[in-house]
Amino acid sequence: SIGGRTEIMKVFITRRIPQEGMKILSQAGVCKVSLWDSDEPVPRVELLKGVEGAHGLLCLLSDKIDTEVLDAAGPNLKVISTLSVGFDHMAMDEIKKRGVRVGYTPDVLTDATAELTVALLLATARRLPEGVVEVKNGGWSTWKPLWLCGYGLSGSTVGVIGLGRIGMAIARRLNPFGVKRLLYSGRTAKSYAAEVEGEYVPLDTLVSESDFVVVSCALTPETQGLCNKDFFSKMKNTAVFINTSRGAVVNQEDLYQALSSGQIACAGLDVTTPEPLPTDHPLLTLKNCVVLPHIGSATYSTRGIMAELSANNLLAGLQGTDMPSELKF
Ligand SMILES: O=C(O)C(=O)CO
């Protein structure tokens, strides 16, 4: 406050976000918002300009928040609120050094993301995109006993890499399909895994025994490139690989080799490196690879609630109060 008057704080938002979030910020009357008013990513130079002197930054997972951005913002910066549960796009140690608080959006997107994961798993294993194409191009000649066969969940072993909020929600949804064994791996065993009769196993065991391998872990230095040549070589030839976490957990060259050589049966990816995946990428030439454009949390309702939560996180950060979802790091 200057001379008894409360100073209006400055906020930069890196993209158009659902109106639910904008409304909360405008009604709060504590900040002056400047918005990159587009559905496309803010160019780097505009980001660096936009954050200048900002007290708050509301960003997306496609914005790289590094030293350069933090320096451009300067000492006013109190809070970064990301419209995502993932935070691998932010230089956390630099943020911590500067004493900046971080808000994120866990929980509110768990159900939507788990649903999408199940949809992608079934679409991939049962070859839905291939079937849709054949209907349209006349490839459907008659009912054929051996045509477009795939793999079912009934009696299968499912392996979830990273049984966190989303991994657990995926396991809960897959179990009723008649899954026989639910394996999971990660840093620690989870007591809540009992609800899905999850067996905590070493990664190697999960990879070699699973019919479906589902990646649902955070991208960290430990998980970057985790799914590589060695990993795929341990999988069954009939196994289905699904990733809805972050593209960089997978070595895509190694995945391409595994899919084209028949080392594994098929893969479904909602996330890639880079995003968007170039349209001439080798993975897109494969019938047994289903690639979606990072839509795990994309329901109208979920995106609206994510915007609300990120706005409320931002306001709390500006005002120095408790955040609904503060990232503790
Ligand atoms: O929230 C995230 O981290 C996503 O990837 C999209 O919701």
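Numbers at a glance
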read-out: Neighbourhood net charge (12 Å Cβ-Cβ; Lys/Arg +1, Asp/Glu -1) for residue 67; value: -2
read-out: Normalised per residue, the volume of the convex hull around the Cα set of the chain (Å³); value: 149
read-out: FRET E, pair residue 26, residue 253, Förster distance 51 Å, beta-carbon r, rounded to 0.05; value: 0.60
read-out: Under the span-like rule (Cα at least 18 Å along the axis, Kyte-Doolittle mean at least -0.5), DSSP H helices of the chain; value: 110-125, 300-319
read-out: ³J(HN,Hα), Karplus 6.51/-1.76/1.60, whole Hz, each residue of the stretch 38-52, x for Gly, Pro; value: 7, 8, 9, x, 5, x, 3, 5, 6, 4, 5, 6, x, 7, 3
read-out: 12 Å reach of a label modelled at residue 173, 7 Å along Cα-to-Cβ, counting backbone N of the stretch 83-119; value: 109-119
read-out: For q = 0.15 Å⁻¹, Debye-computed log10 I/I(0) when each Cα of the stretch 41-105 counts as one equal scatterer; value: -0.37
read-out: Between the stretch 141-195 and the stretch 81-132, the Cα center-to-center distance that results, in Å; value: 19
read-out: Order by protection proxy (mean Cβ within 10 Å, highest first), peptides 108-115, 46-53, 157-164; value: 157-164, 108-115, 46-53
read-out: Part-to-part distance (alpha-carbon centres) for the stretch 259-329 and the stretch 17-37, which is given in Å; value: 23
read-out: For the stretch 158-294, the fraction of alpha-carbon pairs in successive 5 Å shells from zero, as %; value: 2, 11, 22, 24, 20, 13, 6, 2, 0
read-out: Summed side-chain charge close to residue 42 - residues other than residue 42 whose Cβ falls under 15 Å, Lys, Arg +1, Asp, Glu -1; value: -3
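Readers should treat all values here as calculations from the given coordinates under stated rules, not as data from a laboratory. Small disclaimer: the values here were computed from a predicted structure and weren't measured. Note that we place each Cβ from the backbone using ideal geometry, even for glycine, and neighbour counts take in every protein chain shown.
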